[in-house]
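Working notes, beginning with the structure itself.
The values are calculated or read from the model by the stated rules, or taken from the named source; none is laboratory data. This structure is a prediction, so every number in the text was calculated from the model and none was measured. As a convention, Cβ positions derive from the backbone with ideal geometry for all residues, glycine included, and neighbour counts pool all protein chains shown.
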Ligand SMILES: Nc1ncnc2c1ncn2[C@@H]1O[C@H](COP(=O)(O)OP(=O)(O)OP(=O)(O)O)[C@@H](O)[C@H]1O
Ligand SMILES: [Mg+2]
């Protein structure tokens, strides 16, 4: 599988990475965000939202499970599956995953792994220290990884 691994050293760089995703990743892509509590998953979604010219404040959707942003350049769907751990996840989320005209970004994706498409773009955020992070990007669709290089 195609991997692209790099380090970032600040929230600003995470935001820049989000802008790049917003510009380069094609519609219909499902982005699965792996990483511990506080890794920076929501921070990255905020960067993508900015890149899509979404003016609403992106908050952790933990209490909504899903939030749909329709007022930017293209739709952004933000899912946080944290609260779906150990419960039946057949709650209709599949309708929003891989939304044709936009991007879907999913925190805690392993809790809804059965709903993810084969060509999901995985982003694993690890090596968490005060402000630096390791980013590992991979997908069965190598073109999704290539465009971010
Ligand atoms: N380089 C960085 N990238 C992202 N966040 C960073 C970075 N450095 C510091 N932070 C801080 O780490 C925290 C990341 O929080 P965030 O809510 O994005 O994490 P999360 O992965 O969504 O966690 P959760 O699983 O609880 O939803 C923020 O307080 C952010 O300011
Ligand atoms: Mg979060």
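Number of residues in the stretch 33-70 that are more than 12 Å from ligand 2 (Cβ to nearest atom), within 14 Å of residue 22 (Cα to Cα) and not in a loop (DSSP other than H, G, I, E, B): the value is 6.
Assessment of the stretch 86-98 against the conditions (at pLDDT below 95, within 13 Å of residue 25 (Cα to Cα) and touching a strand residue (DSSP E or B) at 6+ places or on another chain (Cβ under 6 Å)) yields at least one matching residue. Reported count of residues in the stretch 107-139, each being in contact (Cβ under 8 Å) with a residue 24 or more places away in the chain and closer than 16 Å to residue 26 by Cα, is 9.
Scan the stretch 33-50 for residues that are over 16 Å from residue 67 (Cβ atoms), in contact (Cβ under 8 Å) with a residue 12 or more places away in the chain and within 8 Å of ligand 1 (Cβ to nearest atom) and the total you get is 5.
Restricting attention to the stretch 69-85, the residues that are at pLDDT below 95 and more than 16 Å from ligand 1 (Cβ to nearest atom) add up to 0. In the stretch 9-32, the qualifying residues are those that are within 6 Å of ligand 1 (Cβ to nearest atom) and either assigned to a loop (DSSP other than H, G, I, E, B) or touching a strand residue (DSSP E or B) at 6+ places or on another chain (Cβ under 7 Å) (or both), and the one that is farthest from residue 130 (Cα to Cα) is 14.
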